[in-house]
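Below you'll find the structure, written out as structure tokens, and then a few comments.
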């Protein structure tokens, strides 16, 4: 898992939750390459304090296959599908884009409960 390179798009409550859970895995967990958060809020400040690179969506897309999984956790419900379309258009068939719904399903399957913040 430590070879998996992660980006988090959106550092609201769910994005912060994911960030903390991934960091809690320590060296055995995936590598968090960067995060995207346009708002100046607690999630952005937290990522910055932890040394997580903060990038724009355009910069994230340019990282290409250096990212294995993007967790698209924004309020914009169409963002995950738009991001998938952009990646396909530039020839990136490697990077997987997971939505909030995907993350919640994985959490339920792994933990057997729904403790991700709403």
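What to note about this one:
- Test for residue 32: is it closer than 18 Å to residue 80 by Cα and in a strand (DSSP E or B): no
- Search result, residues across the stretch 1-29 that are buried (at least 20 other Cβ atoms within 10 Å of the Cβ), assigned to a loop (DSSP other than H, G, I, E, B) and in contact with a helix residue (DSSP H, G or I) (Cβ under 6 Å, 6 or more places away or on another chain): 11
- Residue check for residue 61: surrounded by fewer than 21 Cβ atoms within 10 Å (Cβ to Cβ) and closer than 22 Å to residue 2 by Cα: yes
- Filter result for residue 41 (under 21 Å from residue 107 (Cα atoms) and out of contact with any strand residue (DSSP E or B) (no Cβ under 8 Å at 6 or more places or on another chain)): no
- Members of the stretch 80-95 that are out of contact with any helix residue (DSSP H, G or I) (no Cβ under 9 Å at 6 or more places or on another chain) and under 21 Å from residue 32 (Cα atoms): 84
- Listed by position, the helices (runs of 4 or more DSSP H) enclosed by the stretch 39-94 that each have at least 1 residues that are over 20 Å from residue 23 (Cα atoms) and within 12 Å of the chain's Cα centre (by Cα) are 57-62, 79-89.
- Criterion (at negative phi, surrounded by 20 or more Cβ atoms within 10 Å (Cβ to Cβ) and touching a residue at least 12 places away in the same chain (Cβ under 8 Å)) met by exactly one of 32, 86: 32
- Qualifying position, being without any contact (Cβ under 8 Å) to a residue 12 or more places away in the chain and over 17 Å from residue 103 (Cβ atoms), among 51, 24, 64: 51
Each value in this text was obtained by applying a stated rule to the coordinates, not by laboratory testing. Remember, predicted model here, so these are calculated numbers, not experimental data. Every residue, glycine as well, gets a Cβ built from its backbone with ideal geometry; the counts of neighbours run over all protein chains shown.
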